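Please treat every number below as a calculation from the coordinates, not as lab data. Note that this is a predicted model, so its numbers are computed, not measured. Cβ atoms come from the backbone with ideal geometry, glycine included; neighbour counts cover every protein chain shown.
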2 protein chains.
Amino acid sequence: MEPVDAVDARLLQALGAEPRATVVALAERVGLARNTVQARLTRLESRGVLGDFARRIDPAALGHPLRAYVTTRVDQRRLAEVTEALARIPEVVEVVGLAGDDDLLVQVVARSADALYTIAGSVLAVPGVERTSTALVMRQLVPFRLDPLLERQAST
Amino acid sequence: MEPVDAVDARLLQALGAEPRATVVALAERVGLARNTVQARLTRLESRGVLGDFARRIDPAALGHPLRAYVTTRVDQRRLAEVTEALARIPEVVEVVGLAGDDDLLVQVVARSADALYTIAGSVLAVPGVERTSTALVMRQLVPFRLDPLLERQAST
DNA sequence: GACGCGGTGAGCACTATGATCAGCTCGTCC
DNA sequence: GGACGAGCTGATCATAGTGCTCACCGCGTC
């Protein structure tokens, strides 16, 4: 994916500061014509720079305040099958394939510690999963952020 | 955090389907009065249900197509210090404290494999960090999602 | 039965939207 | 040098959405 330019980066920064801002407000903030902002926003969307809206939703607000990473080792030949089964567990919010000792990193959320135990069990019960290790997220020390990278891009 | 109710969940689903939808469009979609939707949206925002806008931005669009998880073991007594130092590395996009063998899970993004190597070095170089292990994300098998949970909440 | 809460529909002035236009300044290419 | 295309600009337009306030109503609570 082609990286965005400095103007787009500033636009994204402005959106970060005020997500519900109107196009005219953004135009004023970044010092561009409304026309330009409108065109760039459209381009950003169509280029897929902005991911799912769901990423902004706090799982805690959905009654799932607990978050954990389940590292799993799987039978590589059954990877597709395993992925599909994991996707059927509602509390599984993300699965990525890793290079390293572990094969899969499964991010899950849970309503309670008890529920988490059950969910971890469901992951282990998936045919093709050989071993799992669950690590509970106790605290978000640095909340997800992209500002430093946006800052760098904006000053290009 | 108090979980949202079914109506809010449907609202969030509608937003997920069409993030730039106007309030009137959302009202029509969920079958509520425009007034109600407006009030609920305001409440959702003020309750902090919606996290940072940056969460929606694809790091690849910022020129950082590589993503990795760096698990680290730290001197627990220097945790605050370590966190602060990690936060100063631009490519560190999230740090969480774990319960388990590893202390910290550091999510980083990088411009290239070479850059990733450098960044992993920076993490290890932080005073108080004792050991690190870097796992490159090769593929997103299940992209981040909250739909299954939203669905459940919407049908309450 | 009084109360408060949340949803409703209506109305209002104000503002934003999306689309289109010609004009302008770049840098690129021949 | 000159033609070209891309991108930003400021203008205009009709249409639509916004934010707000109001009175009203149904519902569960005390």
On a 0 to 90 degree scale, rounded to 10, what angle separates helix A:6-17 from the longest Cα axis of chain A?
70 degrees
When the scattering of region A:22-98 is computed by the Debye formula from its Cα atoms alone, each counted once and equally, what is log10 I(q)/I(0) at q = 0.16, 0.24, 0.27 Å⁻¹?
-0.80, -1.14, -1.25
Could you please point out the chain A residue with its Cβ nearest to the axis of the rotation taking chain A onto chain B, and the distance in whole angstrom?
A:Arg55, 2
The distance between the Cα centres of region B:1-61 and region A:52-117, in whole Å, is 24 Å
Calculate the dipole size of region A:77-156 relative to its Cα centre from +1 charges on Lys and Arg beta carbons and -1 charges on Asp and Glu beta carbons; express the result in debye to the nearest 20.
100 debye
So what is the relative contact order of region B:20-131, in percent, for Cα pairs below 8 Å that sit 6 or more residues apart?
27 percent
List, shortest first and in nm to one decimal, how far the label point of A:Pro19 (7 Å from Cα along Cα→Cβ) is from its counterparts in the other copies.
0.9
What's the FRET efficiency of A:Ala39 with B:Ala25 using the Cβ-Cβ distance as r and R₀ = 30 Å, to the nearest 0.05?
0.85
Have a look at B:Ala135, B:Ala125, B:Ala17 and tell me which one the Gaussian network model of chain B (Cα, springs below 10 Å) gives the largest fluctuation.
B:Ala17
Taking the Cα atoms of the protein assembly as shown, what is the range of coordinates along each of the three principal axes, in descending order and whole Å?
50, 48, 40
List the distances, in nm to one decimal, from the label point of A:Arg73 to the label points of the same position in every other copy, shortest first, placing each label point 7 Å from Cα along the Cα-to-Cβ direction.
1.8
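Please give the per residue volume of the convex hull enclosing the alpha carbon atoms of region B:23-63, rounded to a whole number of Å³.
Details: hull volume 3.4 nm³, N = 41.
So the per-residue Cα hull volume is 84 Å³.
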C-alpha long axis of helix A:113-125 to longest principal axis of chain A, angle in °
70 degrees
